[in-house]
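Some notes on the structure that comes next.
The values are calculated or read from the model by the stated rules, or taken from the named source; none is laboratory data. In this text, all values refer to a predicted model and were calculated from it rather than measured experimentally. Cβ atoms come from the backbone with ideal geometry, glycine included; neighbour counts cover every protein chain shown. Accessible surface is based on the protein model in full, side chains and every heavy atom, while ligands, DNA and RNA are left aside. Shrake-Rupley method; radii C 1.70, N 1.55, O 1.52, S 1.80 Å.
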Amino acid sequence: RAYGEMTLGLIITAVVAVVAQMTGAYVSFIESTGLIGFFGFAIVQVVLAVALRRIMKIKASTARVMFYVYAALMGFTLSSIFLVYSISDIGVALVLCAAFFFVLTMFSLTTKFDMLKAGPILMVGLVVLIISQIVLMFVPGSTTGMRIICAFGLILFAGMTLYDAQQTRALFSAYEAQGPEMIKKISIICALNLYLDFVNMFLYILQLFGSRD
């Protein structure tokens, strides 16, 4: 169920990204709103993601709609990659990411190694990654630094994928006795985690191996 929700979210993101690129909607939006629109859009996405973390207090149907809206907003934002990378680079990165994600998931669900113990380490790595990216924003032209951060980000979200795959299984096992409504809620929050892992790995693969136009 969780992987099905994640897949549907990715399809929504891809469709919205392609439509936004074909119509020039994202470019027009940024040109008309500038930085206010850019940051405003980002804030809306963050608010939605945070709200979904409080899923126990909202209905499963509402959470599902919020997740799909979040996926659509992400697609609208990601349409900007078509301005930087070629279709072939984007396609190759997507295929590599899908294959990588599948292998990591299968390994996580079959290995005896408990990735849940690595949660605190992954959170520290995520904080380091965010701080590094912020610092790099003020160091223009640092291509080597960007590649190092992208490589680190790819490794980090590979670890997050392993962690979230095992966490998904653990959460379903822990809450399955509480009925179908609770299972629907768990499927949405797990789908969001897996969705974010996939999208971030895709972007880091694209930045590492894609050629900027």
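Observations, loosely collected:
- Pair list, Cβ under 8 Å, 6 or more apart: segment 57-75 residue more than 15 Å from Val46 (Cβ to Cβ), other residue hydroxyl-bearing (Ser, Thr, Tyr): Ala72/Thr13; Gly75/Thr13
- Search result, residues across segment 158-168 that are open to solvent by 20 Å² or more (accessible area, probe 1.4 Å) and farther than 14 Å from Met6 by Cβ: Leu162, Tyr163
- Among the candidates Leu83, Leu94, Leu48, Leu52, residue that is of a type outside the set (Asp, Glu), under 15 Å from the mean Cα position of the chain (by Cα) and open to solvent by 40 Å² or more (accessible area, probe 1.4 Å): Leu94
- Candidate set: segment 107-131, residues that are polar (S, T, N, Q) and open to solvent by less than 40 Å² (accessible area, probe 1.4 Å); chosen: the one farthest from Ile155 (Cα to Cα): Thr111
- Residues of segment 15-28 satisfying the condition of being of a type in the set (A, V, I, L, M, F, W, C) and surrounded by fewer than 17 Cβ atoms within 10 Å (Cβ to Cβ): Val15, Val18, Val19, Met22, Ala25, Val27
- Number of positions in segment 53-96 that are at pLDDT below 85 and closer than 15 Å to Val16 by Cα: 0
- Any chance Val127 is assigned to a helix (DSSP H, G or I), more than 21 Å from Leu78 (Cα to Cα) and modelled with pLDDT of 85 or more: yes
- A residue that is in contact with a Leu (Cβ under 7 Å, 6 or more places away or on another chain) and touching a residue at least 12 places away in the same chain (Cβ under 8 Å) occurs somewhere in segment 127-140.
- Some residue of segment 144-154 being out of contact with any Pro (no Cβ under 6 Å at 6 or more places or on another chain), open to solvent by less than 70 Å² (accessible area, probe 1.4 Å) and under 19 Å from Asn193 (Cβ atoms): yes
- Matching residues in segment 81-103 - criterion: being within 20 Å of Ile155 (Cβ to Cβ) and touching a Gly at 6+ places or on another chain (Cβ under 9 Å): Val92, Ala93
- Candidates Gly75, Gly9, Gly34 - the one that is among the small types (Gly, Ala, Ser), at positive phi and either surrounded by fewer than 15 Cβ atoms within 10 Å (Cβ to Cβ) or part of a helix (DSSP H, G or I) (or both): Gly34
- For segment 156-213, filtering for residues that are within 18 Å of Leu116 (Cβ to Cβ) and β-branched (Val, Ile, Thr) leaves 4.
- Checking each residue in segment 132-143 for being within 19 Å of Asn200 (Cβ to Cβ) and open to solvent by less than 50 Å² (accessible area, probe 1.4 Å) picks out Ser132, Leu136.
- For first residues located in segment 192-213 and basic (Lys, Arg), partners that are at pLDDT below 90 and lie 6+ apart or on another chain with Cβ distances below 6 Å form the pairs Arg212/Val84.
- Filtering segment 1-51 to residues that are under 27 Å from Glu181 (Cβ atoms) and among the aromatic types (Phe, Trp, Tyr) leaves only Tyr3.
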